[in-house]
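Data block below; observations after.
The values are calculated or read from the model by the stated rules, or taken from the named source; none is laboratory data. Here the structure is a predicted model, which means the values were calculated and not measured. Cβ placement follows ideal geometry from the backbone for every residue including glycine, while neighbour counts extend to all protein chains displayed. Surface accessibility is based on the protein's heavy atoms, side chains included, excluding ligands, DNA and RNA. Shrake-Rupley method; radii C 1.70, N 1.55, O 1.52, S 1.80 Å.
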Amino acid sequence: MQRILAGYCARHGLPLICDESSGQAGFIQLEDGARRFFRGSHFDLNPLGAAEIADDKAYTLGFLKRDGYSVPDSLLIHAFDVLAGLRVQKPEIAEHMHSAEDALHFAENVGYPVFVKPNSGQEGEDVVRLDTRANLERSLTDLLMRHSSLLVQKAIPGSDLRILVLDGEVLLALHRQPVHVKGDGERSVEELAFSITGINFRDPRVEPELTRQGLGPASIPEKEQTVELLPNKNLSAGAIAHDVTDQVSDDLKATAIAICKALGLRYAGIDLISETPEQTGGSYAVLEVNAAPGLNRYAAQGETELQQVIEVYERVFDALTGHNSQ
């Protein structure tokens, strides 16, 4: 992204000031002296409050559900120490908060599988899919040692989409596929996995995914058999995305645009599940909203994808600098 931004600023005669250590943060100096700051893929586009809400998955889904948008059944739970502290300091708040035990009851009620993910965080870190009570108990114990709050969600079948929206317009719609390998009838799952750049086969989430498919690291999949390695479909985790901008229905695009507006965001990636994304009026469920969607991994898939990302960022930088209005 930084190289694209540097090229953009050079063409438009705009000074670009970056920190000397990494170049990952800085600002664009506009002609009137104003500065537009950035850090990674975070830009001076979205209001701070709106961006903070989007970073909190439970708040995001709660507000969207209130507005009538479809969201998965979800439960926000908190670590024991968080709950213990609040029971002393703010018992009226603690009374309405949930524990790991509540998560087990929730999963039994909505049915397995369920996803568990940190309530705040990006790039799919520590996202797990659980099929049994025993696995859920183990994962909650582990994750609540490292995260103060977790979101437990009913798994929804369908196509996993990210729809990028800027100022009321869809720039790109991506269909994300899980991290997977294709069997060749000769090599084991582990050998196939090592051939994929960026995949950490020692990720503790891999083994449960293989077990769910009746496989293990030493299993030899049949030729062309698809074996999923991770439960999440984040590009940063090694997932692959395909451009479906022309296939997604105008109805679903309008929903993504409306979600962005409802949350007070100018620019965002709307992550949702839909079984029939090409059909008008099809069902969907919003998973989360990212106010700083990264595109580096998609750009790395090939030249066509790189050009699409450049076009998206050019539009974002135009919005950031007001270039089109000058």
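Per residue, how much accessible surface does the stretch 281-323 expose to a 1.4 Å probe? Answer in Å², no decimals.
Spelled out: the 1.4 Å probe surface of the stretch 281-323, per residue, equals 39 Å².
Structure shown: which of LYS57/LYS154; LYS90/LYS117; LYS117/LYS154 lie over 23 Å apart, alpha-carbon to alpha-carbon? Don't skip to the end; give the middle numbers.
Values: LYS57/LYS154 14 Å; LYS90/LYS117 26 Å; LYS117/LYS154 12 Å.
The answer is LYS90/LYS117.
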Quick one: net charge around GLY23, please, counting Lys, Arg +1 and Asp, Glu -1 for every other residue with C-beta under 13 Å from its C-beta.
-> 0
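Using a probe of 1.4 angstrom, how much of the accessible area of the chain is carbon and sulfur, in percent?
Details: 8020 of 16370 Å².
Result for the chain: 49 percent of the exposed heavy-atom area is carbon or sulfur.
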With the chain treated as a Gaussian network of Cα nodes joined by springs under 10 Å, which of THR132, THR211, THR255 yields the largest mean-square fluctuation?
-> THR211
Packing rank of 224-230, 11-17, where each peptide gets the mean count of other beta carbons within 10 Å, highest leading = 224-230, 11-17
Quote the FRET efficiency, to the nearest 0.05, computed for LYS223 versus ASP203 with a Förster distance R0 of 30 Å and r equal to the Cβ-Cβ distance.
-> 0.75
